[in-house]
1. Find the strands (runs of 3 or more DSSP E) located wholly in the stretch 27-124 whose residues include 3 or more that are at pLDDT 95 or above, surrounded by 21 or more Cβ atoms within 10 Å (Cβ to Cβ) and within 12 Å of the ligand (Cβ to nearest atom), and list them.
2. Would you mind listing the helices (runs of 4 or more DSSP H) fully within the stretch 319-397 where at least 1 residues are aromatic (Phe, Trp, Tyr)?
3. Sort through 242, 280, 255 and tell me the only one that's touching an Asp or Glu at 6+ places or on another chain (Cβ under 7 Å), of a type outside the set (Asp, Glu) and crowded, with 20+ Cβ neighbours inside 10 Å.
4. Mind checking whether some residue in the stretch 262-281 is within 16 Å of the ligand (Cβ to nearest atom), in a loop (DSSP other than H, G, I, E, B) and either at pLDDT 95 or above or not assigned by TED's automatic domain parsing to the domain that holds residue 160 (or both)?
5. Hey, can you tell me all the residues within the stretch 293-312 that are near the ligand (Cβ under 8 Å from one of its atoms), of a type in the set (A, V, I, L, M) and open to solvent by 10 Å² or more (accessible area, probe 1.4 Å)?
6. Taking the stretch 162-186 only, how many residues are free of Cβ contacts under 8 Å to residues at least 60 places away in the same chain and surrounded by fewer than 19 Cβ atoms within 10 Å (Cβ to Cβ)?
7. Which condition breaks for residue 223 when tested against (1) surrounded by fewer than 21 Cβ atoms within 10 Å (Cβ to Cβ); (2) away from the ligand (no atom under 15 Å from the Cβ); (3) in contact (Cβ under 8 Å) with a residue 40 or more places away in the chain; (4) polar (S, T, N, Q)?
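The values are calculated or read from the model by the stated rules, or taken from the named source; none is laboratory data. Keep in mind the model is a prediction, meaning the values are calculated, not measured. Note that we place each Cβ from the backbone using ideal geometry, even for glycine, and neighbour counts take in every protein chain shown. Ligands, DNA and RNA are excluded from the accessible area calculation, which covers all protein heavy atoms including side chains. Shrake-Rupley method; radii C 1.70, N 1.55, O 1.52, S 1.80 Å.
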Amino acid sequence: MNTDRIRGMYDILPDEIGWWRLAEQAMIDTARRFNYREIRFPIVEYTELFARGMGEATDVVGKEMYTFTDRKERSLSLRPEGTASVVRAYLNQGWHTQAPFQKLFYIGPMFRYEKPQKGRCRQFHQFGIEALGSLDPSLDAEVISFAWSMMDQLGIGGLWLRLNSIGCSEDRERFRAVLHAHFSRSIAHMCADCNRRLDENPMRILDCKEPQCQPFIDTAPGSADHLCPECALHFAHVRSLLDLLGLGYEIDSRLVRGIDYYTRTVFELMSKDLGSQDTLLGGGRYDGLVETFGGPSIPGLGFAGGFERLVIILQERANAKLTETSLDLFLATLGEAGRRYAFSLAQRLRRDGFSVDIDHRNRALRKQLTLANALHARHLLVIGDDEARAARGKIKQMDSGEELEISLEADTIADVLRKGG
Ligand code: HAM
């Protein structure tokens, strides 16, 4: 039997979970502060949802999806991202007619068949937000400010924001033509993928990482120089609101992002702690996506970030501290009557909300005490047959070493645990 892990898919082990919880909690708390509501959607969708939503020419759809047919020969895919699913759910719920303005957030696993390396996995976990129903630049600024606030809450520094506008669909058509003309001149010196991208969608060439293509990408025209007056004004508004909030950004007119649904504002939050996979989160507007899925013309925008990358940064930055989990009480036992007494006492105290553990391997007292220490138990109670019979014993506060003789009733112990902090 093959018990190997699947390449690029990882167990998140108990020792690491604290970092994940910290990151997830920052997301949940930031969502509360900005009034975004949580949505959870299936891990599997019809392949067409991503193919149409993200674009056939994207690497994600073209090369990276986990796609299979179900028993009725329908093509399904593991979700590679959340935006398409959120828009699908939005339409399924009829929100486009009843409650078109929605602010939503999500957390969960996504799947892409990429080459695994530090910060890049095949099963990874995203935190994301999507805000639908307004074109107002204040929503763009709010989404970006959400990202900064979440990182502030985690105390993460060393970040910078790349910002651009790729304009409306007409602007993008024009920009594509400009790029096509630019790259056509040098396409013979570029990689096979870029040769394919030139006619499929020359904007995708800007995402290429192949060294041989970089000189031509570095000299490519920028999208922000090809905006119509309305999109240019929108972009100026977004920037002025970010200035108002004091949020830093760098204009990068070649930032186009690797998914086809984007329009107008696009951005990426970068970290210097991440090495080559230095994008912590990315997002932007997708004002045509609801329409692509057969709905009315309703704009939207959002971002998603990778928890794996966030956890790498948290672990590397000394200012993020993890509070060690501890146990309220460890019950060490001696003899059968003591074990039975402790077993039922643990059940009562757990029902009252305390974290309590006992030894399940019937080991010598010394080994049980070692375990209590390893578990960072805040109190220790040794229950032998005598203690069980008399229903009295000594509870020890582990930090101070102080011992207190008490009645071994659950309520009395609960009082001591509560006072003991
Ligand atoms: P994305 O840029 O494809 O955008 O992914 C967003 C983030 O997910 C990346 O910045 C990265 O942190 C993380 N990520 C992506 N792929 C991997 C991977 N293979 N391993 C680890 N982390 C990864 C989207 O997914 C869009 N749906 C974002 C969005 C939301 N745009 C608008 N709304």
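1. Numbers: elements: 44-46, 67-69, 75-78, 102-111.
Qualifying strands (runs of 3 or more DSSP E): 102-111.
2. Numbers: elements: 335-351, 365-374, 385-390.
The qualifying helices (runs of 4 or more DSSP H) are 335-351.
3. Values: 242 fails: touching an Asp or Glu at 6+ places or on another chain (Cβ under 7 Å); 280 fails: touching an Asp or Glu at 6+ places or on another chain (Cβ under 7 Å).
The match here is 255.
4. Taking the stretch 262-281 and keeping what is within 16 Å of the ligand (Cβ to nearest atom), we get 262-281.
From what is left, the residues that are in a loop (DSSP other than H, G, I, E, B) are 262, 272-278.
Of the ones still in play, those that are also either at pLDDT 95 or above or not assigned by TED's automatic domain parsing to the domain that holds residue 160 (or both) are 262.
Yes - at least one qualifying residue is present in the stretch 262-281.
5. If the condition is that a residue be near the ligand (Cβ under 8 Å from one of its atoms), of a type in the set (A, V, I, L, M) and open to solvent by 10 Å² or more (accessible area, probe 1.4 Å), then 304 is the only one that fits.
6. To start, the set of residues in the stretch 162-186 that are free of Cβ contacts under 8 Å to residues at least 60 places away in the same chain comprises 170, 173-186.
Filter once more, keeping what is surrounded by fewer than 19 Cβ atoms within 10 Å (Cβ to Cβ): 170, 173-174, 176-178, 180-182, 184-186.
Counting residues in the stretch 162-186 that are free of Cβ contacts under 8 Å to residues at least 60 places away in the same chain and surrounded by fewer than 19 Cβ atoms within 10 Å (Cβ to Cβ) gives 12.
7. Tallying (1) surrounded by fewer than 21 Cβ atoms within 10 Å (Cβ to Cβ); (2) away from the ligand (no atom under 15 Å from the Cβ); (3) in contact (Cβ under 8 Å) with a residue 40 or more places away in the chain; (4) polar (S, T, N, Q), residue 223 fails exactly one: (1).
Conditions tested, residue by residue: (1) over 32 Å from the mean Cα position of the chain (by Cα); (2) open to solvent by less than 10 Å² (accessible area, probe 1.4 Å); (3) more than 16 Å from the ligand (Cβ to nearest atom).
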position: 314; (1), (2), (3): no, yes, no
position: 325; (1), (2), (3): no, no, yes
position: 343; (1), (2), (3): yes, no, yes
position: 348; (1), (2), (3): yes, no, yes
